[in-house]
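Heads up: the structure comes next, in structure tokens.
The numbers here are math on the coordinates, done by the rules we state, and not lab data. As the structure is a prediction and not an experimental result, all values here were calculated from the model. Using ideal geometry, Cβ is built from the backbone for each residue, glycine included, and neighbour counts are taken over all protein chains shown.
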Amino acid sequence: MDLTDSVLMLALVGLLAALSQWISWRSKIPSILFLLLGGIAVGPGLRLLAPDTLLGPFLFPAVIAAVGLILFEGSLTLDLHKLAEAAPVVRRLVTIGVVIGVFGITALAHWLVPLPWPLALLFGTLMLVTGPTVIIPMLRAVNPPRAVAETLKWEGILIDPLGALLGVLVYEGIVSLQQGARLPWSFALLFGEILVTGFVTGMLGAEILGRLLRSHRLPDYLWNLTTVATVVTVLAAANSLTKEAGLLAVTVMGIRMANMRELDVRAILNFKEELSLLLVSGLFILLAARLDPAALTALGMSAVLLLLGVQLLVRPLQALVASLGTQLSLRERILLAWIAPRGIVAAATAAGFAERLVARGYTGAELLIPLSFSLIIGTVLLQGITARPLAKALGLAQAARGVLIIGANRLARELALVLKQEGFEPLLLDSYWRNIRAARLAGLATFYGHPVSRKAELELDLVGFRWMLGLSGDPNLNAAAAQRFSEEFGRNHVFLLPVVEESENPERHAPSAVAPLLCSRDLSYARLAELLSRGWRLRATRLSPEFDLQSFRDRMGDKARALMLLTEDGEIQPILPLLEQDRAVDMGVLINIAAPTTEPEATIEQGDDGDEAKASAISRPASDSARTASRARRGE
């Protein structure tokens, strides 16, 4: 193969990876499904990609290095303190549930495929892993109740490294047996040698890298490179000392670093989104392209029966045992029992172990990759299609009501209180503790930190959120947040306050170029803050055919200004396009800011005889009580 063909294949892998990730983002279906299907399509399907020809003898080392980095990255999330503090149902899922899952999947793989018992056990440990990369997109699409979402999210985070560690241990045991250690004492000797080498090398690598990072002798831009180089070095060193000890070493290294004091693991995870995304995308496309179609078809009904057994027997039993004695309702338990897509760590480790066992001539190992990929594709596809309809049938598919509000200043707090009264779930993001404290005193949910930061990217849970409002006094921060969250919510769900520029070219930095404006162009943050300081209050006014938007404007004049509209179907709509287009609006709740002398508006309800029967107040202040409103107004 000449150089041109190699470059074309690499370009194909890159394009397919980018396309798969984009489709995943648009469809809210885990990317692993599209990566595997794309690899199968261009590999055995169209025969456009030949990984063995492309990488030759470097394919196997590249796979092992990639799997090692993925295992290290996954193990960095295993905070033992968080495991101890997790909800009872989560702890049971990652303890008793793991035991049930291992034995259940092992038995099914042995009896249905059939795999030899050692390989079936390896398959059972690897197919436990769900992981946040597959769970989070599915939760955003389903939007289940908070209890179910939190349980599934934390199960994925905690079981990721646990499943990988168990898989590594089982794999090392299989290798020890194959090396001739069939007597108990010789098996124990070989297995113990692998465990000791992996544990010592991993701990040593963690201490060296941890101390280096804590000493701050490296500039920030070298952290990623140093971390990757150290992980690969530990992997190679452990394998050199004792064959097959490398994967255990990097797993131990990650767990140790995740629990080091005075070391911000989030900074180490900085390479996760970039390198891990590239590794995972390229790895799965290349491995899927190597699949033998005959091996997939040879599985036949055994793969289908295995999928049904895992989905209808093993997972429900795990969920049932884990949720006993908890406050989860029967419907929530059913949904919990249905959602458990297999993820990236499962696919990567299965592929890595299978490749090594095939190279060692282990009988039956060639079935691990097609069997693993068929189960992963099956669970992601089946659950991706059915989870939302099932949640709706159970009455658990909630409409996303979350609103991210950039800033926790007085304006943001009072608007958040109005939205909370109307059934929305606001979350205020601010890096000033004084603002956060005032918001918490008002009973509002907060996130303390910069909205556009690594901390926010790692810790901010966006499940259940649909909108972002930029209400910070810093227009540059609002614009940066709008660019960040437009990727999550779409541009039509991100709104900014207008900015009154005093420069000669006011459009140059106009926020409307980044996201739609929320309200009239003269209502900048400075103007709204001034009105609040003069005693104006935010109110919610219900519109009706008798009192529509135009009636509100005519009656209130300059004593009140409209900010946004909450529609009857639960949407947040900016008021500016409605005003500019002079559209008639006679339904929904109008959020407005009104002068302190303004009387509450009233809506006229018609009696049965057509006469004006009664008037009811429909403008409500921004807080649940005078006490919380008073607290919310203290501190900017």
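Annotation for L48 and I208: the two label points, set 7 Å from Cα along the Cα-Cβ direction, are 4.3 nm apart.
Note on Rg and Dmax of the Cα atoms in Å: of the candidates (i) 36.5, 156; (ii) 28.4, 96; (iii) 30.7, 112, the value calculated from this structure sits at (ii). Counting only alpha carbon atoms, the long axis of helix 132-142 and the longest principal axis of the chain meet at about 40°.
Working from label points 7 Å from Cα in the Cα-to-Cβ sense, the W111 to E425 distance is 4.0 nm. Spatially, region 83-133 and region 8-24 are offset by 32 Å when compared through their Cα centroids.
For the chain, DSSP calls about 55 percent of its internal beta bridges antiparallel. The separation of region 198-214 from region 512-565, counted between C-alpha centres, amounts to 58 Å. For Q483 and E459, the difference between the fully extended length at 0.36 nm per residue and the C-alpha to C-alpha distance is 6.8 nm. Taking the C-alpha atoms only, the angle from helix 117-126 to the longest principal axis of the chain is near 20 degrees. State whether region 56-393 is rounded, prolate or oblate according to the following rule on the C-alpha gyration tensor (a ≥ b ≥ c being the square roots of its eigenvalues): a/c under 1.5 gives rounded; otherwise a/b larger than b/c gives prolate, and the remaining case gives oblate. Oblate shape, in that a/c is at least 1.5 and b/c is the bigger or equal ratio. Using θ = phi - 60° in the Karplus curve 6.51 cos²θ - 1.76 cosθ + 1.60, the 3J(HN,Hα) couplings for region 210-220 round to x, 5, 5, 6, 6, 6, 6, 7, 9, x, 4 Hz; x is entered for Gly and Pro.
Seen through its C-alpha gyration tensor, with square-root eigenvalues sorted a ≥ b ≥ c, region 126-254 comes out oblate because a/c lies at 1.5 or above while a/b is not bigger than b/c. Once C-alpha pairs closer than 8 Å and six or more residues apart are averaged by separation and normalised to the residue number of the chain, the relative contact order reads 14 percent. Relative to the longest principal axis of the Cα atoms of the chain, the long axis of helix 3-27 lies at roughly 50 degrees. For the chain, adding -39500 (n - 2.57) for each run of n ≥ 4 DSSP H residues and dividing by the number of residues yields -18000 deg cm²/dmol at 222 nm. Once the Cβ-Cβ distance of D220 and V99 is raised to the sixth power relative to R0 = 25 Å, the FRET efficiency obtained is 0.05.
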